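The values are calculated or read from the model by the stated rules, or taken from the named source; none is laboratory data. Quick caveat: nothing in here was measured; it's all calculated off a predicted structure. Every residue, glycine among them, receives a Cβ derived from its backbone with ideal geometry; neighbour counts consider all protein chains shown. Areas reflect the complete protein model, heavy atoms only, side chains present, ligands, DNA and RNA absent. Shrake-Rupley method; radii C 1.70, N 1.55, O 1.52, S 1.80 Å.
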2 protein chains.
Amino acid sequence: MDSNIFQKIVQIVGREHCSMEIEERHCYSYDNSKQTFLPDAVALPDSTEQVAALMKLANSNKIPIVARGAGSGTTGGALPIHGGIVLSCTRLNRILEIDPKNQIAIVEPGVITGEFQRKLKKQGLMYAPDPASLKFCTIGGNVAECAGGPSAIKYGVTKDSIIGLEVVLANGDILSTGCRTEKGVVGYDLTRLFVGSEGTLGIITKIITRLLPLPEHKETFLLTSRSLPEATALVATILQENILPCTLEYMDKTAIAIVSDLLPTAPGNEIEAMLIIELDGSRKQTAEQAELLKKLAATRKQCTLKQAVTDQEVYEIWKARRSISPATFKLSPHKTSEDVVVPRSQIPELVRFCEILSRDLELTILTFGHAGDGNIHVNIMSCDTTDQEKTKVTKAKTALFKKVLSMNGTLSGEHGIGISKSAFISMALNDTSMMVMRQIKHLFDKNNILNPGKIFPTDKFSDPSTSY
Amino acid sequence: MDSNIFQKIVQIVGREHCSMEIEERHCYSYDNSKQTFLPDAVALPDSTEQVAALMKLANSNKIPIVARGAGSGTTGGALPIHGGIVLSCTRLNRILEIDPKNQIAIVEPGVITGEFQRKLKKQGLMYAPDPASLKFCTIGGNVAECAGGPSAIKYGVTKDSIIGLEVVLANGDILSTGCRTEKGVVGYDLTRLFVGSEGTLGIITKIITRLLPLPEHKETFLLTSRSLPEATALVATILQENILPCTLEYMDKTAIAIVSDLLPTAPGNEIEAMLIIELDGSRKQTAEQAELLKKLAATRKQCTLKQAVTDQEVYEIWKARRSISPATFKLSPHKTSEDVVVPRSQIPELVRFCEILSRDLELTILTFGHAGDGNIHVNIMSCDTTDQEKTKVTKAKTALFKKVLSMNGTLSGEHGIGISKSAFISMALNDTSMMVMRQIKHLFDKNNILNPGKIFPTDKFSDPSTSY
């Protein structure tokens, strides 16, 4: 990067809040997609005005600018694949307002999601979205990727909790979207256009969230089943029976095996699948829903439902669930992680398909995740990175996506497209959709400086081999 | 309209499904904004393909095209203010699919909302949005305007129940947005861009809705209060106390007076305000929430809470509530109806402001509506249409909007902008927002044929005096 440009960055954010040092740049070069791209510079602005000034600078000099939260995303959304400036939101980390009466809050993008929830809990309030990384991920990243989590089945994903935004556009203009009330139909819904846009349309600098009263009580259940089809078929039935859990997670036999030592009681070898089911609400509501759940489970011969009695048991169940993803490396050193979605009633078919795929291609494939909303994490494990193994993985991935789409599902439920799935996006979206989305991208970002190379398939702008 | 153009319309939809007759055109010239604009022709397509062909024809000849449901909108959204073609969705009225397992449905825009709900009820399902006009309004109109209703407080407005759309674009291309699953983050959220866009970005031809299990039980309460501030302050408190009603409607003394003869027991003269509160869910849940509500009401000295015991009582309460709007004409022959939104905690201040405004300007102003989400219907009554009276009404409206915005509220919660509020939209949206919205409009509709003159303030395209 031209030292004149860097000098201007220094003027905007101050010398101590930007860097071109290689050590610093390395710290902002990776994310949870396990890939690495070095930015040319890093800037840590402290205000909307500083973000606007950085954007003007980047735009007039056609320098890529990539907003970054905690780098916990799995599809490469935070990677500066064309270099340029990484704009870290670390210092934009203020909770500006919590309004208990109107059940909203206003926060900056760098606020850590779990911290925000902890603060709200003290006031008897809840911000519902609960991505696995909530202890360290930021709400700005959650909004940019439209993160999900186990509670999405009852409370929705990130988009369902966001009612307004402040966004700095590519030219430095500051846009306010939505409002501080749930209702509002004044012009087009721009809020939702930015949620899940992966930093490609603007930089989010303020977030207005919907809050909920903290549920009084929660009960946790573990359902083990000797029959995979019986367990997976139960998912749609639970919801049809008017039980609305706040968690309805599933794991297959392979997933269970790698974390079974963490569970309160290790499941026997005959267990083919497991569901974690949680109910929340008032004590009475929870008890009523628990009764319904117990009755339903009793009709399933292959299933056993156990209620967690102590906090320690609940802790262990969640520790096991959250450990699946890292524990997969016990199986093989390389992983391709997909988060496909199918209509709930199709989960048994998807799981069966993955079993066949695994056998046919001789690859370990495990399935687990947010069954309640049909969002199944399919992890394809591979032994090495030889061309032969890579070809098998691509074959598995392509077959999986085809199958999911044929079942009226979609490619990603919460991880986004980034660079990991951009080559596959045209399987899910037809030419008209792609054209409209590209036109919207161009409308907001004529110079293609905003997180270039993400979402859309490689073209002259987004080809990683093209330098700026 | 050129007879060649009309001949092409005939070729597309068939002779019996279009007209240029003055009698027919009159039937499509009005809506509930009480204004009238004659279209040049009316077409009633039967399929997406016919809509696409009509759009291509209109676009290549730069003829305005205005989609129409039942004409129940209150802001002029369905009015062909520049003439052109009214595209009636009456024949696009098929319920294409109801999927109880995955709790979604696919419908065409001309389906009558109440009919859809009746069909779902038989299957133990619910499509939640319940605009007052649900017996005759269409779901397409609801989506275009993002209609609300009393149940929005618990179940959200129309946008919260729509997960995907099929839309015919200005050039006749057919766009699919969203998907059949709740989760999905593949590219930009185009669904929400079309919901509430008032027919200005495309013509909606299919709608994928989220469904919910039908609640087992409902209880209805009437809270009368001798103190207006005490009643209105209770609204925010109810929600803070973890009571989540499916209805939380309010009416002031003037509203009560004009419908009191319809109520089970006419409230005494000392009653200053009334709340209709409904609770739904399982019987146990409803009973538990009812207990909380009774306890809370008992702490308010000026309030009396009565539970409706018979279906007849419930019917009468709702008949009274739904009759407020037409009954306002008992007071004065002319009405300006606003549906402003304020944060719930600000309702007492808004109501007080309206009282002062009414006294200062010597206008009858009544307030009622969806208090639970801060969406208050403010009706400004006037005796005649003299310039003096009109000036007073505009003064009242402007002061109301200023006050609402100063309280972090917004101009419209569910009626939309249309032509009624377009002159005021720039009070709520700054230049950047307006510019972005106009650019999006231009992106989707270069020739400005899609419901021209709506939402945006009058300009060379939308000035009603400009002929095409």
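Just flag the trypsin sites (Lys or Arg not before Pro) in the range B:1-76 sitting in loop per DSSP whose Cβ has no more than 16 other Cβ atoms within 10 Å.
Here the trypsin sites (Lys or Arg not before Pro) that fit, given the DSSP loop and packing criteria, are B:K34, B:K62.
With point charges of +1 on the Cβ of Lys and Arg and -1 on the Cβ of Asp and Glu, referenced to the Cα centre of the protein assembly as shown, which listed residue (A:H26, A:M126, B:L263) lies farthest in the positive direction of the dipole?
The listed residue farthest towards the positive side: B:L263.
Compute, for the protein assembly as shown, the length of the dipole vector about the Cα centre, with Cβ point charges of +1 (Lys, Arg) and -1 (Asp, Glu) only. Units Debye, rounded to 20.
I would put it at about 260 debye.
Quote the charge dipole size of the range B:17-92 about the Cα centre in Debye, to the nearest 20; the model charges only the Cβ of Lys and Arg (+1) and of Asp and Glu (-1).
That gives a dipole near 220 debye.
Could you grab the relative contact order for chain B? Cα pairs under 8 Å, six or more apart, rounded to a whole percent.
15 percent.
Let me confirm one metric for peptide A:170-183, namely the mean number of other chain beta-carbon atoms within 10 Å of its residues' beta-carbons.
So the per-residue partner count for this stretch is 6.
Can you check how the C-alpha radius of gyration of chain A compares to 2.2 N^0.38 Å, as a plain ratio?
For chain A, the normalised Cα radius of gyration comes out at 0.99.
Given the range A:1-116, what whole percent of its Cα pairs are spread farther than 26 Å?
Here the long-distance tail beyond 26 Å is 22 percent of all Cα pairs in the range A:1-116.
Given axes a ≥ b ≥ c from the Cα gyration tensor, I'd like to know whether the range B:366-438 is rounded (a/c under 1.5), prolate (a/b larger than b/c) or oblate.
Since a/c reaches 1.5 but b/c is at least a/b, the shape of the range B:366-438 is classed as oblate.
Taking the Cα centre of the range B:239-331 as origin, sum charge times position over the Cβ atoms of Lys and Arg (+1) and Asp and Glu (-1), and report the length of that vector in debye to the nearest 20.
Its charge dipole is roughly 80 debye.
Select from the range A:100-137 those trypsin sites (Lys or Arg not before Pro) which occupy a DSSP coil region and have at most 15 other Cβ atoms within 10 Å, ordered by residue number.
Within the range A:100-137, the qualifying trypsin sites (Lys or Arg not before Pro) (loop, at most 15 other Cβ atoms within 10 Å) are A:K101, A:K135.
At a Förster distance of 56 Å, what's the computed FRET efficiency of A:N430 paired with B:L361, Cβ-Cβ distance as r, to 0.05?
It comes to 0.50.
Sorted by accessible area with a 1.4 angstrom probe, largest first, how do B:T209, A:T398 fall?
Largest accessible area first, the residues go A:T398, B:T209.
With N set to the number of residues, divide the alpha-carbon radius of gyration of the range B:1-51 by 2.2 N^0.38 Å and report two decimals.
Rg over 2.2 N^0.38 Å, computed on Cα atoms: 1.20.
Using only the alpha carbon atoms of the protein assembly as shown, find the Kirkwood hydrodynamic radius as the inverse mean reciprocal pair distance, in angstroms to one decimal.
Result for the protein assembly as shown, one decimal place: 29.1 Å.
Give me the net charge of A:A147's neighbourhood, meaning all other residues with Cβ under 10 Å from the Cβ of A:A147; Lys, Arg count +1, Asp, Glu -1.
-2
With a sphere of radius 11 Å drawn around the Cβ of B:T254, what net charge do the other residues whose Cβ falls strictly inside it have (Lys, Arg +1; Asp, Glu -1)?
Combined, the nearby Lys, Arg, Asp and Glu give -1.
Counting other Cβ atoms within 10 Å, which GluC sites (Glu not before Pro) in the range A:1-81 have at most 12 and lie in a DSSP loop?
A:E21
Between B:T310 and the same site in the other copies, what are the distances in nm, shortest first, taking label points 7 Å from Cα along the C-beta direction?
Label-point distances to the other copies, shortest first: 5.8 nm.
Give me the angle, in degrees from 0 to 90, between the Cα long axis of helix A:228-240 and the longest principal axis of the Cα atoms of chain A, rounded to the nearest 10.
Taking the Cα atoms of chain A, the angle to A:228-240 is about 70 degrees.
Given the rotation relating B and A, tell me which residue in B puts its Cβ closest to the axis and the distance in Å.
B:R192, 2
Once label points are set 7 Å from the Cα along Cα→Cβ at both B:H217 and A:D261, what is their separation, rounded to one decimal in nm?
The two pseudo-label positions are separated by 5.0 nm.
For the range A:151-190, just say rounded, prolate or oblate: build the C-alpha gyration tensor, square-root its eigenvalues into a ≥ b ≥ c, call rounded for a/c under 1.5, and beyond that prolate if a/b exceeds b/c, oblate if not.
oblate
Let me know the mean shielding of B:190-198 by other chains, meaning the per-residue number of their Cβ atoms within 10 Å of its Cβ.
5
Counting Lys +1, Arg +1, Asp -1, Glu -1, what net charge surrounds A:A327 among other residues with beta carbon under 12 Å of its beta carbon?
That sum, taken over residues with Cβ under 12 Å, equals +4.
Could you look at chain A and say what percent of its accessible area is carbon and sulfur, using a 1.4 Å probe and all protein chains?
50 percent
Can you list the distances in nanometres, one decimal and ascending, from the A:N171 label point to the identical position in each other copy, with the point 7 Å along Cα to Cβ?
2.4
Taking a label point 7 Å from Cα toward Cβ, how far is A:E23 from its twins in the other copies, in nm, shortest first?
8.9
Please calculate how many Å² of accessible area the protein assembly as shown carries per residue, with a 1.4 Å probe and no DNA, RNA or ligand atoms counted.
Solvent-accessible surface per residue comes out at 38 Å².
Going by a ≥ b ≥ c, the root eigenvalues of the Cα gyration tensor, does the range A:328-468 fall in the rounded group (a/c under 1.5), the prolate group (a/b larger than b/c) or the oblate group?
oblate
What does a probe at B:K446 reach in the range B:38-81, counting residues whose amide N is under 13 Å from the point 7 Å along Cα→Cβ?
Zone members listed by number: B:59-62.
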